[in-house]
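Written out below as structure tokens is the structure these notes cover.
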Amino acid sequence: MHHGEAVILFASAGITFAISAAAVDEIRNTSGLEPLRAGHLGPKFSKFKYTLERDGRTYFVVDANEHFHALPTRHTRLLVLRASPTAILVDGIDRMTEIASLHALPRAFAGDERNWYRGLAVLKDSVVPVVNADAFLSRAECTILKAAVEKMGAAKGVVAG
Amino acid sequence: MTRKIEGGQSFVLFPLGKKRFALPANVVTELARPDRLQPFPHTTRMLAGVLLRRGRIVPVCDVAPVLVGAAAPPRKFFLIANRTFGSSREWTAIPVTGECELATAELLPVTGKLPRYVTGLLSLKQEIVEVLDLELLSGAEAEA
């Protein structure tokens with residue numbers, strides 16, 4: 001049980017989610033994204049749609065709808081995470097608020113959601129899933145994507161040369 | 001309404017469309033009025049979302065598609081049952097299509113070929129009711 005945690009409420013696929021404010025470095029618009037073709041790496045990589053160059057660092061941009069296996073919606077905002085080279089494409093930002101407590105995900109939920117969420121928060125009469133920021137990009141996915149981007153960069157260099 | 005048959009066990013009978021099923025009464029907590037179902041993404045079969053009930057977050061397990069098919073009529077109430085996960089128990093809301101009934105009857109062994117989650121049969125006045133094991137029912141669907 002955590003007390004008084006600041007969270008950012010965001011929407012994706014028509015659902016409101018919360019993410020720890022401490023996990024987010026910046027909220028920005030969707031300009032400056034470079035398409036990333038990672039589908040050939042396997043179906044798990046289809047959610048990585050773009051890269052973002054920011055302060056000399058490459059961020060892998062995750063489509064939140066695909067991450068949550070939801071139908072597509074229009075994204076207008078990007079949540080750039082603090083602890084990993086990950087940015088999340090979302091429909092929009094609702095507001096920042098504080099959650100009094102984090103409830104464990106009921107045990108009946110037995111699928112991927114056990115990794116997607118840290119738990120559930122109750123805001124007034126609504127139940128809001130609190131996302132696990134580390135679940136958007138695993139270490140293994142990060143390693144594979146970095147290698148793929150380097151390879152693509154090298155190939156571009158050969159063509160340009 | 002309560003039916004009584006000498007020497008029997010208690011069951012809660014619940015309707016799903018034209019058919020009724022039963023759960024042992026000791027796993028049923030209450031029958032709840034319609035409440036706001038709150039869905040969010042997940043990959044667990046049969047789960048439809050959660051309810052907020054008396055400050056508790058209750059997962060909603062819609063068993064109708066498995067038991068009576070996709071054409072099940074709209075569910076009007078929630079039967080709150082206890083599910084066991086290892087040493088802990090957790091409420092689960094099961095959407096049902098009408099009022100429930102408490103019945104006391106002899107649990108008869110399963111005859112014929114029925115799914116594993118049917119643990120017995122109740123022979124009532126004009127119907128045979130299948131008694132379900134929620135854990136096996138969830139497992140059966142997960143294996144499907």
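Nothing in this text is a laboratory measurement; each read-out follows from the coordinates by a stated rule. Just so you know, these numbers come straight off a predicted model, no measurement behind them. Here Cβ is always computed from backbone atoms with ideal geometry, including for glycine, and neighbour counts include all displayed protein chains.
Read through the list (1) more than 29 Å from A:ALA104 (Cβ to Cβ); (2) among the small types (Gly, Ala, Ser); (3) without any contact (Cβ under 8 Å) to a residue 40 or more places away in the chain, then give the number of the only condition that B:GLY55 fails.
Result: B:GLY55 fails condition (1) only.
Find the strands (runs of 3 or more DSSP E) located wholly in segment A:55-142 whose residues include 1 or more that are more than 12 Å from chain B (Cβ to nearest Cβ) and more than 19 Å from A:ILE8 (Cα to Cα), and list them. Don't jump to the end; show me each part of the working.
On the way: elements: A:57-63, A:77-81, A:86-90, A:92-99, A:117-123, A:126-131.
In segment A:55-142, the matching strands (runs of 3 or more DSSP E) lie at A:57-63.
Say we look at segment B:45-71 and pick out the residues that are in contact with a strand residue (DSSP E or B) (Cβ under 6 Å, 6 or more places away or on another chain) and of a type in the set (Gly, Ala, Ser); which of these is farthest from the other protein chains (Cβ to nearest Cβ)?
B:ALA64
Under 8 Å between Cβ atoms, which residue pairs at least 6 apart in sequence (or on different chains) link something in segment A:118-145 that is closer than 20 Å to A:ALA6 by Cβ with a partner that is crowded, with 17+ Cβ neighbours inside 10 Å and acidic (Asp, Glu)?
From segment A:118-145, the pairs are A:PRO129/A:GLU113.
Evaluate the following for B:GLU127: is it of a type in the set (Asp, Glu) and closer than 18 Å to B:ASN26 by Cα? Talk me through it step by step, then tell me what you get.
Working: of a type in the set (Asp, Glu): yes; closer than 18 Å to B:ASN26 by Cα: no.
Here the answer is no, as B:GLU127 does not meet what is asked.
Taking A:ALA104 as meeting all but one of (1) out of contact with any Phe, Trp or Tyr (no Cβ under 8 Å at 6 or more places or on another chain); (2) farther than 23 Å from B:VAL60 by Cβ, write down the number of the exception.
(2)
When the residues of segment A:4-52 are filtered to those that are in a strand (DSSP E or B) and among the small types (Gly, Ala, Ser), which remaining residue is nearest to A:GLY119 (Cα to Cα)?
Here is the first cut: in segment A:4-52, the ones in a strand (DSSP E or B) are A:5-12, A:15-20, A:24-28, A:33-35, A:48-52.
From what is left, the residues that are among the small types (Gly, Ala, Ser) are A:6, A:11-12, A:18, A:20.
Working: A:ALA6: 14, A:ALA11: 17, A:SER12: 17, A:ALA18: 10, A:SER20: 12 Å.
Once the filter is applied, the top-ranked residue is A:ALA18.
Could you identify the single residue in B:ASP35, B:ASP62 that is closer than 27 Å to A:GLU113 by Cβ, of a type in the set (D, E, K, R) and under 11 Å from the mean Cα position of the chain (by Cα)? I'd like the intermediate steps shown before the answer.
Values: B:ASP35 fails: under 11 Å from the mean Cα position of the chain (by Cα).
Residue meeting the stated conditions: B:ASP62.
For segment B:93-123, which positions are assigned to a loop (DSSP other than H, G, I, E, B) and within 24 Å of B:ALA71 (Cβ to Cβ)? Outline the logic, then answer.
To start, the set of residues in segment B:93-123 that are assigned to a loop (DSSP other than H, G, I, E, B) comprises B:97-100, B:106-107, B:109-117.
Within segment B:93-123, B:THR97, B:GLY98, B:GLU99, B:CYS100, B:GLY112, B:LYS113, B:LEU114, B:PRO115, B:ARG116, B:TYR117 meet the criteria.
Scan segment B:101-113 and give yes if some residue there is in contact (Cβ under 8 Å) with a residue 40 or more places away in the chain, crowded, with 19+ Cβ neighbours inside 10 Å and of a type outside the set (Ser, Thr, Tyr), otherwise no. Spell out the reasoning first.
Kept after step one, since they are in contact (Cβ under 8 Å) with a residue 40 or more places away in the chain, are these residues of segment B:101-113: B:101-107.
Filter again for crowded, with 19+ Cβ neighbours inside 10 Å, leaving B:103, B:105.
Filter once more, keeping what is of a type outside the set (Ser, Thr, Tyr): B:103, B:105.
Yes, there is a match, as at least one residue in segment B:101-113 is in contact (Cβ under 8 Å) with a residue 40 or more places away in the chain, crowded, with 19+ Cβ neighbours inside 10 Å and of a type outside the set (Ser, Thr, Tyr).
For the subset of segment A:49-81 comprising residues that are acidic (Asp, Glu) and touching a Pro at 6+ places or on another chain (Cβ under 9 Å), which member is surrounded by the fewest Cβ atoms within 10 Å (Cβ to Cβ)?
Pass one, segment A:49-81, residues acidic (Asp, Glu): A:53, A:55, A:63, A:66.
Imposing the further condition that a residue be touching a Pro at 6+ places or on another chain (Cβ under 9 Å) reduces the set to A:63, A:66.
Values: A:ASP63: 20, A:GLU66: 18.
Applying the filter and picking the extreme gives A:GLU66.
Output the number of the condition that A:ILE15 fails; it satisfies all remaining conditions of (1) crowded, with 19+ Cβ neighbours inside 10 Å; (2) in contact with a helix residue (DSSP H, G or I) (Cβ under 8 Å, 6 or more places away or on another chain); (3) of a type in the set (A, V, I, L, M).
If we test A:ILE15 against (1) crowded, with 19+ Cβ neighbours inside 10 Å; (2) in contact with a helix residue (DSSP H, G or I) (Cβ under 8 Å, 6 or more places away or on another chain); (3) of a type in the set (A, V, I, L, M), just (2) comes out false.
Here are the criteria: (1) more than 8 Å from chain A (Cβ to nearest Cβ); (2) surrounded by fewer than 20 Cβ atoms within 10 Å (Cβ to Cβ); (3) of a type in the set (D, E, K, R). Tell me which single one B:ARG75 does not satisfy.
With respect to (1) more than 8 Å from chain A (Cβ to nearest Cβ); (2) surrounded by fewer than 20 Cβ atoms within 10 Å (Cβ to Cβ); (3) of a type in the set (D, E, K, R), B:ARG75 is out only on (2).
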